[in-house]
Amino acid sequence: MLDLKLEDIDGILVRYNVALEKEMTPDEAAEELYPKDELVYPIAKAIYEGEEDDVIDGLKAAIDAGKDPITLINESLMVGMGVVSQLYDEGIIFLPNVMMSADAMLDGIEFCKTQTTEVPEPKGKVVCHVAEGDVHDIGKNIVAALLRASGYEVIDLGRDCPVDEVIEAVEKEKPMLVTGTALMTTTMYAFKEINDKLLEKGIQLPFACGGGAVNQDFVAQYDLGVYGEEASDAVKIANFIVENGEGIEKLREEFHKH
Amino acid sequence: MLDLKLEDIDGILVRYNVALEKEMTPDEAAEELYPKDELVYPIAKAIYEGEEDDVIDGLKAAIDAGKDPITLINESLMVGMGVVSQLYDEGIIFLPNVMMSADAMLDGIEFCKTQTTEVPEPKGKVVCHVAEGDVHDIGKNIVAALLRASGYEVIDLGRDCPVDEVIEAVEKEKPMLVTGTALMTTTMYAFKEINDKLLEKGIQLPFACGGGAVNQDFVAQYDLGVYGEEASDAVKIANFIVENGEGIEKLREEFHKH
Amino acid sequence: MVKKYTSMAYASADDMLFGNAKFPVKAGLGLEIGAGYTTPEINYAPRPQAGKSKEKLIKEYERITTDSMARMVQIGAPSVVLETEHVEQMTNNPEWGGAVAHAQKTIMEEYHDEYGIKCALRHTPGDIREDRDYLKLTGDKFDLLMESFEQVAQNGADLLSVESMGGKEVFDYSILRNDTAGILFGIGVLGSMDMETVWTGVADIAKKNGVVAAGDTDCAQANTAMFIAGGLLDKNLAHTIAIVARAISAGRSLCAYEAGATGPGKDCGYENTILKSISGVPIAQEGKTSTCAHSDVMGNLVMQCCDLWSNESVEYHGEFGGTSVQCWGESLAYDCSLMNVALKTGKAKDLRDMFTLSDKYRDPQGYVLAYDNAYRVGEAIAKDGNDNYLRAKNAAVECCNIINEGVASGKLKLTRFEINALTKVKDDLDALTDDSDKFMSDCLTRFKEEVAVFRPENYGL
Amino acid sequence: MVKKYTSMAYASADDMLFGNAKFPVKAGLGLEIGAGYTTPEINYAPRPQAGKSKEKLIKEYERITTDSMARMVQIGAPSVVLETEHVEQMTNNPEWGGAVAHAQKTIMEEYHDEYGIKCALRHTPGDIREDRDYLKLTGDKFDLLMESFEQVAQNGADLLSVESMGGKEVFDYSILRNDTAGILFGIGVLGSMDMETVWTGVADIAKKNGVVAAGDTDCAQANTAMFIAGGLLDKNLAHTIAIVARAISAGRSLCAYEAGATGPGKDCGYENTILKSISGVPIAQEGKTSTCAHSDVMGNLVMQCCDLWSNESVEYHGEFGGTSVQCWGESLAYDCSLMNVALKTGKAKDLRDMFTLSDKYRDPQGYVLAYDNAYRVGEAIAKDGNDNYLRAKNAAVECCNIINEGVASGKLKLTRFEINALTKVKDDLDALTDDSDKFMSDCLTRFKEEVAVFRPENYGL
Ligand code: B12
Ligand code: B12
């Protein structure tokens, strides 16, 4: 078969990812970010590495040394996860690392809870769902995992979720944010219904919508809608709300880029 | 250079127009449709051929033989043009023939008018325009020509026509139909404005919209809008109104095919 | 019992070519697929509002069909296939799907009668075999799916396809965790088992109705991996892992042909070149002219051996140049025209190679799917063709080897990240047993525990 | 004074090839056009609402630019050109156009700096030289147009183009009436005269600002004819007449290069292959991947000698696969990738011929624009290059001859209708004088009378 000469390939395609790869390895980059405290360091590192067992071991050691389990959640588990999120945002590590770290972190939180009677305070509560009639749930799973990884409590209503269940969950859970995922143009209209039913009931809260089929123009059509492109935008939206309140207009200004 | 063998061409492309060309020549087809009256026949034929001078000669002869000029408009000029329109609709003749026939017919009408004090009754009045900011006027010119050719009086507001001028013309002329042409997505929004201003003034009439940028979804968004794809649809819309009244719903049912 | 493939359809990779399949398939109105020419396959999705009622949906598909056929004759295209991928309502209400098929076919027959244009209609019911939270592959949902096939087959569909979902619960969990065994188990074992059931059913229905059981694609898994992997700069999944999932999927998607399907394979099966090398069936593909539906890094390469050339899907809407189906359909038709010229002028292999070279070094996925390497993956599958697990594992291993050779040649350049991910997969694979039964029982134990939604009874386990 | 072309840039048609121009053009950030590779040229139109204010418009173009550049790096495209065809507000308010050019270029520079992607920005002000009812080619509107060029050139546009409208009042009237002399007068004489004025101006501005005076297209006339002619089954204009108008337009569009433009010629100039044969400038083209903007019957053929490959225009909106500019831009990039592979593997002439053969016999337009025949039209123009009328008439006559030869060969099949129309044009042409002055005065007299909106003073007549 025909072939290209090595030196001709660059005229046809450029592997920008290869050309741009950071000098530093992910491990080196992570090392720079870990907290220095010698009890916290191994926990953060175990989170980064996604090793549940090491996380638990580290927590045990820290608790044995007198650290408070609830404080450890924020000061070691969340910090370790913060390293992971930052590296992911900077494009240094990839999603599966984040997922594995998140799993390890959640295990760690569960462990901490067993070590105390106090109840940890999440950053906020978020209801996630995939639109009625739609089974595409991977995007939603990522959204939920990243939110959890950032310290939010996630009520995951799963996929193919009837409109009324979303409304009920919002009434019951009083979240700071609802997210919706739709990958089909035929299902995304449920978002508008959710929006209308919420408004009918006098409930005002940001409704972050994303997923393959959804675009900003569509989301901008209903009052509560805030469009997000990437799963990590869901986290950014939640953080923005924590910092700036739930004004939809401000959220749109920040996140509606198209 | 490379070439295809004659017998291989059909595997790559099919000249469906060649394969389907009607057996009958346009002239033969027209011949079958002319009225038989020996005074009317030459006029209709001259219209078909787009020969103004022959049209006038024919009219003179018919008037000399005692025919009424106004009756001649309907019974010879319009009939001749009817032959042309039918052949165009059937795909037997092409647009330039229609344009030339229409020119000849209009000359004929002018001539008839000079031969009498009576005023001929047009089938109806139509206001045509190209949207504000848009210079693409060929489509509109075709629409206007075909409408005239079918016996409608056309008030042509030209291109790049301000919204208010359209409203004024409608108030003044009281047409049965307004048409708008837009070829740019940036200009077609003027249609919505026209629609709103008309409704504000309590004026209800069908507003046929077409042109490259315009699609049915867009036109269906405003109350008076009726979408037409081909210039000849403008004539069909006008005819439909003459026969069925100006109900927008009925018009949409008939003409909204997409 | 299905008969498994244990040898290759083609004696060498070089024998494979677009527009030519070892076993061409006659379908619809005058069309023959893989018989020396390529044909555009136009795909579309109804506008959201159109799903509201059966009547609206039928009208929408009528417009789509008329628009598509009209544009094809306007530009002189000799042949066309339309593919209707069901929206959920059409499969869940089998008579809706049947009514749509009937309406479309009626229009296509008119065009065929008036212009002689060769055409066929593919219907792809949705794999609706799931409850809210779990896959529910067998039982009433299975019966409903089969009823949908029955209805569309009776009412005008010429080609039957589905994107079946077996194994996806395990896969979804595993792909986001770089779990090699889970990927292999989900696609290669569970996916294959489910395919055998589904396709035995579809092949029966096709036979009974005198239509074609076409093919399946691992959309639910390998495409999901490809999508998550994304473009060169995305950071959600190593492209080296995505291509390993793809190689594995070839073992799985082959099951359709083993159960009686004859092709054309479905457009979004990027594993189709591998399948063609083993089975000789014609295939549909999509790439640079399906950017309306998704982006990939193999735009031209996938054309290398296609028999139908598809745009995957585009929402029906207006553009300056007509409706979206007209625009994309026209682009496809010209792509096919180019390939057909190449076939008639004796330049087809050159053109094929140019397609391939456009993207062979763009990404590890393209590298492995380049027809020469795809053929090698095919051989790895056929070698242990009788064992779903082993052949999928072989495919994965061969995939890793191919990439490593590419890297060694200097032409395929990978990021350190991609290389590391590949090394891990390769190590994982090397550590796996060669005993299918042991693999099965190990995985059953592990995934029953780790994946809450995994229900072994779906697979009769 | 402009220097007219009286000889051919290429010794033979076979020397012409995509990605290669006799006189390549350096532009923008690291790009060289016609220097051995092809580059996608992405075109777009803002969403309607975006025109409401300067700020909105700038934001819209920023999004379009970012989306386009992002997709190009995601798929590994080595180079790209963006073309902004002004909406009227941008030309009528020159500082708007300048601000948009600045905003776009800033983003492109970021991408160039980060990724090294070669890129350039084309701006095409609208030809706003008209009053409501009349063309107003000279005077204040002319000055405004020049001011627009000045602003975009100062603020980041690398390539300057326009689709100038001289002659269109007469053409519009004539094309709907099969008036051969009027078509020739409108395009070949009036159009050429206006081009000389406009392009002397643009070339000066380009020189002053160190940017490139690119080229013009006879969109206002030849494309209008092509559009009215439409698909194979449309009945608005004989395709044989449309191609005669196109041949004539080559004489006209050449005037840009005679006045100092250097290419790349603009995408919608289907006359560009002819222009390249005479002038050797690089050209942009559009076809099978500009179906978003219009349909034509020469989808592949136009790629034969292109240096930039364009989608003409697509409204900015979402699709399943991204925003419309990303989808179409990606398709273009893969088309270019294929051409670039051909260039590197020594198969470019084969690929070129395959492009050509796809459509050479599809329609009389493709037949005449096939590079071998286009070259002949070029020769007919160069032969009397010093006389705008004669060279346009030569082109028309040669066009008729070429079609008649095609018909005689049996390969180009025409309808009786197309043949009759062609015969009439040919007879009309044969009856015309060879004396330019006489033709001018005859036409002036006739069209002043017949075409109410024709104003000779536009042309200094
Ligand atoms: C994989 C896939 C499947 C898998 C899904 C597996 C699963 N567990 O989800 C399976 C095989 C099951 C499947 C089935 C079908 N599919 Co499907 N599928 C896809 C495919 C190829 C990839 C989707 C995917 O997982 N992408 C990766 C994820 C990670 O992306 P994502 O969800 O968009 O999420 C990202 C962002 O959007 C964001 N995000 C997501 N949600 C949110 C929320 C917020 C708040 C924020 C901020 C961000 C955010 O975060 C993620 C990463 O950054 C797409 C192609 C495409 N162009 O999208 C088609 C696609 C979605 N499917 C399609 C179709 C038609 C179907 C079927 C109907 C096919 C059929 N006939 O059988 C069935 C659907 C049945 C049903 N009732 O729903 C069409 C939909 C067309 C339409 N009408 O809109 C698509 C577009 C393919 C196409 N081009 O035609 N599909
Ligand atoms: C020819 C042409 C021109 C000519 C126009 C000559 C003239 N006298 O009209 C000229 C050169 C002047 C021109 C200028 C421009 N153009 Co221009 N032009 C075209 C082109 C190639 C063909 C248009 C045409 O005449 N078609 C043939 C006619 C017969 O079709 P039509 O008008 O649609 O009408 C048919 C039907 O729609 C119907 N119809 C029409 N009206 C109505 C009404 C009713 C009631 C009904 C029932 C039916 C109906 O009947 C007709 C036949 O059946 C189009 C391409 C395209 N895809 O449309 C671009 C196009 C319209 N132009 C475009 C642009 C951008 C421009 C410029 C801004 C370019 C520039 N940068 O200079 C300027 C505009 C300046 C301005 N202020 O308006 C874009 C518009 C993009 C957008 N934003 O929407 C297009 C779409 C090209 C593209 N793909 O980018 N253009």
- Across the identical copies, how the B:Glu200 labels are spaced - nm, sorted shortest first, 7 Å along Cα→Cβ: 3.4
- The ³J(HN,Hα) series, computed from each phi in the stretch D:332-344 with the Karplus coefficients 6.51, -1.76 and 1.60 at θ = phi - 60°, rounded to the nearest Hz and given as x for glycine or proline, is 4, 4, 5, 4, 5, 4, 4, 4, 5, 4, 4, 5, 6
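How would you rank B:Tyr189, D:Tyr257, going from fewest to most other Cβ atoms within 10 Å of each one's own Cβ?
Details: B:Tyr189 19, D:Tyr257 27.
By the 10 Å Cβ count, ascending, the order reads B:Tyr189, D:Tyr257.
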- In nm, to one decimal, how far is the B:Asp53 label point from the C:Lys22 one, both placed 7 Å along Cα→Cβ? 7.6
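Taking the beta-carbon count within 10 Å as an exposure proxy, list D:His317, C:His123, A:His136 from fewest neighbours to most. Present the calculation step by step, with values, prior to reporting the outcome.
On the way: D:His317 17, C:His123 32, A:His136 20.
Result, fewest neighbours first: D:His317, A:His136, C:His123.
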- Item | Neighbour-count ranking [beta-carbon atoms within 10 angstrom, fewest first] of D:Lys426, D:Lys59 | D:Lys59, D:Lys426
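Work out the mean other chain Cβ neighbour count within 10 Å for the residues of A:140-147 and drop it here as an integer.
The per-residue average across the peptide is 1.
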- Item | Reachable lysines, given that their alpha-carbon falls under 23 Å from the alpha-carbon of A:Lys5 and they are not under 8 places away in the same chain | C:Lys347, C:Lys349, C:Lys360, C:Lys411, C:Lys413, D:Lys118, D:Lys344, D:Lys347, D:Lys349
- Query: How far is it, in nm, from the label point at A:Glu38 to the one at B:Glu200 when both lie 7 Å from their Cα along the line to the Cβ?
  - Reply: 7.9
- Query: If the cut-off is 21 Å between C-alpha atoms, which lysines fall inside it for C:Lys59, apart from same-chain ones fewer than 8 positions away?
  - Reply: B:Lys250, B:Lys257, C:Lys105
- Message: Quick check on the protein assembly as shown: of the DSSP beta bridges with both residues there, what percent are antiparallel, nearest 5%?
- Response: 20
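Loop-only check: which trypsin sites (Lys or Arg not before Pro) in the stretch A:13-84 are DSSP coil with at most 13 other Cβ within 10 angstrom? Please list the in-between numbers first.
Values: sites: A:Arg15, A:Lys22, A:Lys36, A:Lys45, A:Lys60, A:Lys67; in loops: A:Arg15, A:Lys22, A:Lys36, A:Lys67.
In loop regions of the stretch A:13-84 (DSSP not H, G, I, E or B), the sparsely surrounded trypsin sites (Lys or Arg not before Pro) are A:Lys36.
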- For the B:Asn239, B:Ala19 Cβ pair and Förster radius 41 Å, calculated FRET efficiency rounded to 0.05 is 0.80
- Which GluC sites (Glu not before Pro) does the stretch A:22-63 hold that lie in a coil by DSSP with at most 15 other beta carbons within 10 Å? A:Glu23, A:Glu38
- Message: When a/c reaches 1.5 or more, the comparison of a/b and b/c decides; with that in mind, is the stretch A:125-255 rounded, prolate or oblate per its Cα gyration tensor?
- Response: rounded
- Message: For the pair C:Ala431/D:Ile419, report the inter-label distance in nm, with labels modelled 7 Å from Cα in the Cβ direction.
- Response: 7.8
- Query: Which cross-chain or sequence-distant (5 or more) residues have an amide H under 5 Å from the amide H of D:Asn20, H modelled 1.01 Å from N in plane?
  - Reply: D:Gly36
- Task: Could you tell me the distance between the Cα centroids of the stretch C:325-376 and the stretch D:430-444, to the nearest Å?
- Result: 52
- To the nearest 500 deg cm²/dmol, what mean residue ellipticity at 222 nm is calculated for chain A from DSSP H runs of n ≥ 4 alone, each contributing -39,500 (n - 2.57), summed and divided by the residues? -15000 deg cm²/dmol
- Note on the structure: Computed from every Cα-Cα pair in the protein assembly as shown, P(r) in 10 Å bins starting at 0 and rounded to whole percents is 2, 8, 16, 21, 20, 15, 10, 5, 2, 1, 0, 0, 0
- Item | Förster radius 22 Å - calculated FRET efficiency between D:Asp131 and D:Ser441, Cβ distance, rounded to 0.05 | 0.25
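Given axes a ≥ b ≥ c from the Cα gyration tensor, I'd like to know whether the stretch D:319-379 is rounded (a/c under 1.5), prolate (a/b larger than b/c) or oblate. Intermediate results must be reported in sequence, preceding the final value.
Numbers: a/c = 2.91, a/b = 1.61, b/c = 1.81.
Oblate, since a/c reaches 1.5 and b/c is not below a/b.
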- Item | Under Karplus coefficients 6.51, -1.76 and 1.60, residue-wise ³J(HN,Hα) of the stretch A:66-82 in Hz, glycine/proline x | x, 6, 7, x, 5, 4, 4, 4, 6, 9, 10, 4, 5, 5, x, 5, x
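Please say if chain C is rounded, prolate or oblate, where rounded means a/c under 1.5 for a ≥ b ≥ c the square roots of the C-alpha gyration tensor eigenvalues, and otherwise the choice is prolate for a/b larger than b/c and oblate otherwise? List each step's numbers first, then the result.
Values: a/c = 1.68, a/b = 1.26, b/c = 1.34.
Since a/c reaches 1.5 but b/c is at least a/b, the shape of chain C is classed as oblate.
For chain D, what is the percent of antiparallel DSSP beta bridges, rounded to the nearest 5?
Working: 9 of 34 bridges.
The antiparallel proportion sits near 25 percent.
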- log10 I(q)/I(0) for the stretch B:159-211, Debye formula on C-alpha points only (no solvent), q = 0.20, 0.32 Å⁻¹, two decimals, reads -0.66, -1.56
- Item | Only Lys, Arg (+1) and Asp, Glu (-1) charged, at Cβ; the stretch C:8-65 dipole about Cα centre in debye | 500
- Amide H contacts under 5 Å for D:Ile283, restricted to residues at least 5 apart in sequence or on another chain and with H modeled in the peptide plane, are D:Gly265, D:Asp307, D:Leu308
- the stretch C:48-104 versus the stretch D:26-99: alpha-carbon centroid distance in Å: 36
- Work out how far the C-alpha atoms of the stretch A:192-245 reach from end to end along every principal axis, then list the three figures in whole Å, largest first. 30, 28, 13
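Grab the beta carbon distance between B:Glu171 and B:Thr71, set R0 = 30 Å, and tell me the FRET efficiency rounded to 0.05.
The formula returns an efficiency of 0.35 here.
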- Message: For the stretch A:77-133, which GluC sites (Glu not before Pro) pass both filters: DSSP loop (anything but H, G, I, E, B) and at most 14 other C-beta atoms within 10 Å?
- Response: A:Glu90, A:Glu118
- In Hz, Karplus ³J(HN,Hα) per residue of the stretch B:154-163 (6.51, -1.76, 1.60; θ = phi - 60°; x = Gly, Pro): 10, 9, 9, 7, x, 9, 6, 9, x, 3
- Please list the non-local residues whose amide H lies under 5 Å from the amide H of C:Glu130, H modeled 1.01 Å from N, same-chain partners needing a gap of 5 or more. C:Lys136
- Query: How many partner chain Cβ atoms sit within 10 Å of a residue's Cβ in peptide D:47-54, on average, as a whole number?
  - Reply: 3
- Message: Roughly how far apart, in whole Å, are the Cα centres of the stretch B:19-95 and the stretch D:194-214?
- Response: 52
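None of the figures in this text is laboratory data; all of them are computed from the coordinates on show. Note that the structure is a prediction, hence the values are computed from the model and not measured. Cβ atoms come from the backbone with ideal geometry, glycine included; neighbour counts cover every protein chain shown.
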